[in-house]
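Step one of this worksheet: look at the structure below.
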Amino acid sequence: MSDPLRRIDALVEEDNSLPSLQVRRRLRLAAGLTQSEVAEAIGVKRLAIARWEAGATQPHRGNRRAYAHLLRRLAAKYPDAAVEGASDEG
């Protein structure tokens, strides 16, 4: 995209929203992934994933984009885990 207006539109339309803390964890567990595996895929330390899942910190822009993408893909694959307010029991 060389056109500045198209680049701006892409930024505005980009969805980097994150699901609730509980859903983030459920999605990871539904996929059988460890925090370390998610961290390696995104390019951060395991502690960052632990903090993001606990709500202690939020990922910065580039990491947020990658994390949101991962969570969207997991939600598509494991829709039951993506339901807000669902129980972690199971």
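Between 0 and 90 degrees, the angle of helix 4-13 with respect to the longest Cα principal axis of the chain falls at about 20 degrees.
Mind checking the dipole of the chain: about its Cα centre, +1 per Lys or Arg Cβ, -1 per Asp or Glu Cβ, Debye to the nearest 20?
Details: 15 positive and 12 negative charges, 67 e Å.
In total the dipole reaches around 320 debye.
Summed over qualifying helices (DSSP H, 4 residues or more, each -39500 (n - 2.57)) and divided by its residue number, the chain shows a 222 nm mean residue ellipticity of -18000 deg cm²/dmol. With θ taken as phi - 60° and the Karplus curve 6.51 cos²θ - 1.76 cosθ + 1.60 applied, the whole-hertz 3J(HN,Hα) list for region 36-44 is 5, 5, 5, 4, 4, 5, 7, x, 10 Hz, x standing for glycine and proline.
Remark: region 53-60, residue by residue, has Karplus-estimated 3J(HN,Hα) of 5, 8, x, 6, 9, 10, x, 6 Hz, where x stands for each Gly or Pro and the curve is 6.51 cos²θ - 1.76 cosθ + 1.60 at θ = phi - 60°.
Given 37 °C and 0.692 mPa s, how large is the Stokes-Einstein diffusion coefficient of region 31-74 in µm²/s, with Rh as the Kirkwood radius over Cα pairs?
Values: Rh = 10.3 Å.
Reported coefficient: 317 µm²/s.
Of the GluC sites (Glu not before Pro) found in region 23-90, those in coil by DSSP whose Cβ has at most 15 other Cβ atoms within 10 Å are GLU84, GLU89. Taken along its three principal axes, the alpha carbon spread of the chain comes to 49, 27, 21 Å, from the longest extent down to the shortest. At most 16 other Cβ atoms within 10 Å and a DSSP loop assignment: could you name the trypsin sites (Lys or Arg not before Pro) in region 5-75 that fit? Answer by residue number: LYS45. Per-atom-type breakdown for region 27-76 gives carbon and sulfur 53% of the accessible area (1.4 Å probe, protein chains only).
Calculate, in nm to one decimal, what GLU13 and ASP80 gain on full extension: separation in residues at 0.36 nm each, minus their alpha carbon distance. Intermediate values should be presented prior to the final figure.
On the way: separation 67, 0.36 × 67 = 24.12 nm, distance 2.60 nm.
Result: 21.5 nm gained on full extension.
Is the shape of region 1-45 rounded, prolate or oblate, going by the alpha carbon gyration tensor and its root eigenvalues a ≥ b ≥ c, with a/c under 1.5 for rounded and a/b larger than b/c for prolate? It would help to have the intermediate numbers written out before the result.
Values: a/c = 4.12, a/b = 2.19, b/c = 1.88.
It is prolate, given that a/c is not under 1.5 and a/b is the larger ratio.
The values are calculated or read from the model by the stated rules, or taken from the named source; none is laboratory data. Nothing here was measured: the structure is a model prediction, and the numbers come from that model. Please note: Cβ atoms are built from the backbone with ideal geometry, for glycine as well, and neighbour counts cover all protein chains shown. The protein model used for the area step is the full one, side chains on, heavy atoms only, and it has no ligands, DNA or RNA in it. Shrake-Rupley method; radii C 1.70, N 1.55, O 1.52, S 1.80 Å.
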